[in-house]
Amino acid sequence: MNIFLTGGTGYIGSAVLEALVRAGHQVTALVRNPERASRVAARGARPVIADLGQPTSYRQAAIGHDAYIHTAKDHSSRAETVDRATIDTLLPIATAGPGAVVIYTSGVWVLGNTHGPVAEDAPLDPAAISAWRPSHEKIVLGASSNGVRVAVVRPGIVYGSAQGIVGDMFRDAANGLMRVVGSGENHWPLIYDRDLADLYVRILSRRDAAGVFHATDDGDERVNDLVEAIGTHTSFRPEVRHMPIAEARGKLGPYADALALDQIVRSPRARALGWAPTLHSVGRNVARLFEEWRTGREAA
Ligand SMILES: NC(=O)c1ccc[n+]([C@@H]2O[C@H](COP(=O)([O-])OP(=O)(O)OC[C@H]3O[C@@H](n4cnc5c(N)ncnc54)[C@H](OP(=O)(O)O)[C@@H]3O)[C@@H](O)[C@H]2O)c1
């Protein structure tokens with residue numbers, strides 16, 4: 001397939017790009033500058049230099065693809081506006097042609113505290129940091145008429161390579177101090193980056209794949225379990241500091257509340273597609289993940 005990908009230089013998007021190229025797809029990757037363009041070109045994609053907040057910079061280049069995969073996120077205060085501009089630009093293009101596929105990346109934080117295991121049909125109660133996400137999910141899912149197939153992927157917290165929240169935990173452990181927001185007794189739904197990327201490829205290939213898909217490894221790990229597992233793999237045991245939520249809010253803003261969520265998230269709709277994560281926890285794979293983190297950090 002001919003695929004238009006946003007965020008191909010990001011944590012999730014780079015794993016998705018690699019999986020798409022490996023599966024034999026042609027990928028047009030929207031990137032922000034020439035340095036990023038050469039990076040994605042080296043990985044087998046055709047770069048388009050543009051900014052998602054400026055639709056005129058990429059509208060024309062996006063026309064004529066079989067699939068549109070949106071993994072980018074602008075981390076500035078424009079996050080919501082840029083995401084809305086992206087979907088408002090790409091959805092009309094996708095729906096203008098016959099049979100395109102749209103995959104939108106959301107996240108499990110739209111579910112809030114889950115009070116036990118939940119699946120894709122759970123009611124939404126987004127953390128403040130994800131407050132705008134449900135309305136964007138709804139707009140994307142609403143475009144599923146006219147022969148266009150639409151999927152929303154809600155990844156758990158991603159692990160693998162050197163990036164992301166878990167990558168930061170490896171870094172902090174190596175630096176000797178790990179900070180935990182709240183008691184750390186809360187569960188995080190997690191997913192290995194390559195397993196997540198495989199779900200995107202599977203959704204593309206399955207003509208019946210539409211709607212919301214969670215992507216989690218069912219490890220049901222508590223934050224303290226992660227800290228303990230990661231802390232035992234550094235050359236010296238790091239100090240662990242639990243930050244009261246109010247103090248964490250002062251330092252991290254609404255991100256603190258997202259990190260303090262207690263979530264157990266299942267992915268039955270993704271598994272019904274035959275998708276099966278190869279890794280089932282951070283804790284049981286720490287040696288391998290620490291090595292991935294070290295290699296990824298050296299390559300960055
Ligand atoms: N990581 C996780 O654990 C996780 C879990 C659940 C859901 N999610 C969601 O998944 C999505 C991707 O997350 P991520 O961790 O992969 O993020 P990331 O590593 O920060 O990547 C963001 C990507 O978006 C691109 N980008 C940002 N602003 C842009 C703009 N204005 N125009 C064009 N490209 C732009 C970045 O390009 P540059 O390289 O130029 O910066 C980068 O490629 C987000 O919506 C996030 O909320 C992430």
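Under 8 Å for C-alpha pairs, at least 6 residues apart: give me the relative contact order for the chain, rounded to a whole percent.
RCO, the chain: 19 percent.
Over the chain, what percent of the accessible surface lies on carbon and sulfur atoms, probe 1.4 Å? Don't jump to the answer; show the numbers that get you there.
Details: 6700 of 13010 Å².
After summing per-atom areas, the C and S share lands at 51 percent.
What is the dipole size for the range 164-300, taken about its Cα centre, with +1 at each Lys and Arg Cβ and -1 at each Asp and Glu Cβ, in debye to the nearest 20?
300 debye
Might you tell me the accessible area per residue for the chain, computed with a 1.4 Å probe and given in Å²?
43 Å²
Could you please tell me the mean projected area of the C-alpha convex hull for the range 118-179, averaged over all directions and given in square nanometres to one decimal?
So the Cα hull casts an average projection of 6.5 nm².
Could you give the size of the charge dipole of the chain about its Cα centre, using +1 on the Cβ of each K and R and -1 on the Cβ of each D and E, expressed in debye and rounded to the nearest 20?
On the way: 32 positive and 32 negative charges, 151 e Å.
Dipole about the Cα centre, nearest 20: 720 debye.
What number, in percent, do you get for the relative contact order of the range 150-271 if the mean sequence gap of Cα pairs under 8 Å and at least 6 apart is divided by its residue count?
Taking the mean separation of contacting Cα pairs over the length of the range 150-271, I get 38 percent.
Percentage of Cα-Cα pair distances in the chain greater than 34 Å, rounded to whole percent?
19 percent
The values are calculated or read from the model by the stated rules, or taken from the named source; none is laboratory data. None of the values given here were measured: they were computed from a predicted structure. Note: ideal-geometry Cβ built from the backbone for every residue, glycine included; neighbour counts use all protein chains shown. Accessible surface is based on the protein model in full, side chains and every heavy atom, while ligands, DNA and RNA are left aside. Shrake-Rupley method; radii C 1.70, N 1.55, O 1.52, S 1.80 Å.
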